[in-house]
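I have placed the structure first, in the form of structure tokens, so that the comments after it can refer back to it.
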Amino acid sequence: MGIADRKNREKQALRERILGAARRIVMRDGFAALSMRKIADAIEYSPATLYLHFASRDEIARALCEEGYAQLLGSFAPLAQIADPRERLHALAHAYVGFGREHAQTYRLIFMENPSYTGAALGGAKKEGEADDDAGDAAFRLLTDALAALKADGRVPADADPATWAEALWATLHGIVALSLTCPVFPHAPLETIVDTTFDAWFGAPSAPARARGGKPVDAGPAAPAASPATRAAARSRKPKAPSS
DNA sequence: GTAGATCGGCAACTCAAGCT
DNA sequence: AGCTTGAGTTGCCGATCTAC
């Protein structure tokens, strides 16, 4: 412990203050309102000082994306323990859409602002104990693992590629979030209902016990999964296809 | 009415100089 | 010596003007 250590701590602390101020501005006013001068004003330093800690405004934005994506992954972590793959996917979908709505500015910044920000988030926000692959892989694997398990159970077509299905499912969920953030008239139904309906369309209605475990009302009548696109696809033995928009 | 030129404001970024 | 700053440069963008 010496002078160099103290200076490193102070440098790190200032970096955190910069990120904190930037985060507050983005949360309050949106990314478009984020400027180096506003950040500098907020932390009571000159704009030039910011460039000693971050090369550019973009670098600050990318750091915020990494933070936000790590937060999203954190919300997924406890759901990965759910044993039933359909329930797990269902919970992940609700968590994803919920995050998008509750952290709208963060979600916009990560996925709707700049492709390089998305890349930084997916590649940079590593979770504890996951040094070998990037955060994007970690999230994606949650989806592919669940889909592979559903495939093994015969709940998705035998020729389904879990990775392709995972991409399609992610794209669907992103569409739900993006529309809810940008389209004032979407959705008419509650978002939870939209997610549930999407799941029923993809995988068929869940069994009554599964719904009950998920806190949803138990239907009086029998479940009718045979009407789902997934099971129809299985019956026709054709390639999987995401629902068209 | 439209397209191009000009202007002004704003923000990112740089740098020389002062401060501790 | 290293840090911080104010002033300055550069570039972008929207508003306004002007010629056709």
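For segment A:20-30, check the following and say yes or no: at least one residue is touching a Gly at 6+ places or on another chain (Cβ under 8 Å), part of a helix (DSSP H, G or I) and either within 29 Å of A:Ala166 (Cβ to Cβ) or within 16 Å of DNA strand C (Cβ to nearest atom) (or both). If you could, list the steps in order and put the result at the bottom.
So in segment A:20-30, the residues touching a Gly at 6+ places or on another chain (Cβ under 8 Å) come out as none.
Looking through segment A:20-30, none of the residues is touching a Gly at 6+ places or on another chain (Cβ under 8 Å), part of a helix (DSSP H, G or I) and either within 29 Å of A:Ala166 (Cβ to Cβ) or within 16 Å of DNA strand C (Cβ to nearest atom) (or both).
Report yes if A:Asp200 is open to solvent by 30 Å² or more (accessible area, probe 1.4 Å) and either over 17 Å from A:Arg88 (Cβ atoms) or at pLDDT below 90 (or both), otherwise no. Considered against the rule, which asks whether it is open to solvent by 30 Å² or more (accessible area, probe 1.4 Å) and either over 17 Å from A:Arg88 (Cβ atoms) or at pLDDT below 90 (or both), A:Asp200 comes out as no. Can A:Ile82 be described as within 14 Å of DNA strand B (Cβ to nearest atom) and among the β-branched types (Val, Ile, Thr)? So A:Ile82 fails the test.
Is at least one residue of segment A:74-91 among the basic types (Lys, Arg) and open to solvent by 60 Å² or more (accessible area, probe 1.4 Å)? Before you say what the answer is, go through the steps one by one.
Filtering segment A:74-91 for residues among the basic types (Lys, Arg) gives A:86, A:88.
Checking the rest, the ones that are also open to solvent by 60 Å² or more (accessible area, probe 1.4 Å) come to none.
No, that holds for no residue.
With (1) under 30 Å from A:Phe199 (Cβ atoms); (2) more than 16 Å from DNA strand B (Cβ to nearest atom) as the list, and A:Leu109 as the residue in question, which single condition is left unmet? Just one mismatch for A:Leu109, condition (2). Hey, any hits in segment A:92-102 for a residue that's open to solvent by 50 Å² or more (accessible area, probe 1.4 Å), in the same structural domain as A:Glu167 (by the TED database) and closer than 16 Å to A:Arg23 by Cα? Within segment A:92-102, one or more residues are open to solvent by 50 Å² or more (accessible area, probe 1.4 Å), in the same structural domain as A:Glu167 (by the TED database) and closer than 16 Å to A:Arg23 by Cα.
Quick grid of which residues meet (1) within 12 Å of DNA strand B (Cβ to nearest atom); (2) in contact with a strand residue (DSSP E or B) (Cβ under 8 Å, 6 or more places away or on another chain); (3) part of a loop (DSSP other than H, G, I, E, B):
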{"site": "A:Lys38", "(1), (2), (3)": "yes, no, no"}
{"site": "A:Asp41", "(1), (2), (3)": "yes, no, no"}
{"site": "A:His53", "(1), (2), (3)": "yes, no, yes"}
{"site": "A:Gln71", "(1), (2), (3)": "no, no, no"}
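Here segment A:52-72 is the region considered, the condition is being in contact with a helix residue (DSSP H, G or I) (Cβ under 8 Å, 6 or more places away or on another chain) and farther than 18 Å from A:Met112 by Cα, and the residue that is most open to solvent (accessible area, probe 1.4 Å) is A:His53.
Yes or no, residue by residue, for (1) within 16 Å of the chain's Cα centre (by Cα); (2) modelled with pLDDT under 85:
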| site | (1), (2) |
| --- | --- |
| A:Leu109 | yes, no |
| A:Tyr117 | yes, yes |
| A:Ala121 | yes, yes |
| A:Gly129 | no, yes |
| A:Arg141 | yes, no |
| A:Ala149 | no, no |
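Taken over segment A:38-62, the criterion of being under 19 Å from A:Gln12 (Cβ atoms), among the charged types (D, E, K, R) and within 12 Å of DNA strand C (Cβ to nearest atom) is satisfied by A:Glu44 alone.
The values are calculated or read from the model by the stated rules, or taken from the named source; none is laboratory data. Nothing here was measured: the structure is a model prediction, and the numbers come from that model. Cβ coordinates were reconstructed from backbone atoms using ideal geometry, including for glycine residues, and neighbour counts include every protein chain displayed. Each accessible area value is taken on the protein alone, full model and side chains, heavy atoms only, with ligands, DNA and RNA left out. Shrake-Rupley method; radii C 1.70, N 1.55, O 1.52, S 1.80 Å.
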